[in-house]
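Here is the structure we will look at, set down as structure tokens.
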Amino acid sequence: MSNIMHNVAVSACCHVWDHSSNVQILPKWFAVHTYSRHEKRVAQHLNQRQIEHYLPLFRVQRKWSDGSKVTLELPLFPGYIFVHISQSERICVMGIPGAVNIVSGVGGVPAPLPDVEIDALRFGADVRHAEPHPLLKVGRRARIRSGAFAGMEGIVIRQKSSLRVVLTMDLIMQSIAVEVDAEDLEPIEAGLHHS
């Protein structure tokens, strides 16, 4: 089973044109806040409407009260799914059951996410065994030098025998921890970071 729910089809309502110049307005990635535990249902509705989206998932083993073990696929960012839409398509997305709002920035205007962050998640989350992590604002910062997350900065933590870097998506105030080798990290001096 795939650990990513991703749809690359483009809906009919996704083709938005600036009629004054006959140029298509390019879609951007936005974070959509969902009701708790509705992320997969929202993804199904986005599939049905052929709206490009990305729901990063991670695998976790749980033990039920009867002693049986099961592997679950859970959202990497609980309560969020990412959509690749033009701003005029917001109405299409907000009409989906379970979608609460599109994450906004200054002035209540939906804030697009940097393509580099979504690309890093899409191509690196599985390889680096990403998992949710509590949001951290303090600690030692480092930059990842190679691989799918190259150039991204985060906070270094140690878990068991491996190093992890906590990467934060500031706009949605969510963090994930990814495994890294010590030689793939370079320290960042206090006050000098590019995220």
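Derivation of every value follows stated rules applied to the coordinates shown; laboratory data play no part. Everything numeric in this text was worked out from a predicted model, so none of it was measured. Note that each Cβ is placed from the backbone with ideal geometry, even for glycine, and that neighbours are counted across all protein chains shown.
Spin-label pair Q44-E186: with each label point 7 Å from Cα along the Cα-Cβ axis, the two points sit 4.7 nm from one another. Judged by the mean number of other Cβ atoms found within 10 Å, the most tightly packed of the peptides 165-176, 59-70, 111-122, 77-88 leads the ranking 77-88, 165-176, 111-122, 59-70. The Cα center of the range 143-177 and the Cα center of the range 67-99 differ in position by 22 Å. Within the shell defined by Cβ-Cβ distances under 11 Å, the residues around E89 carry a net charge of +2, with Lys and Arg each +1 and Asp and Glu each -1. Max-minus-min Cα coordinates of the range 31-136 on each principal axis give 49, 28, 25 Å, with the largest extent listed first. Close amide H pairs (under 5 Å, H built 1.01 Å from N) link H53 with N7, H84, residues at least 5 positions away or on another chain.
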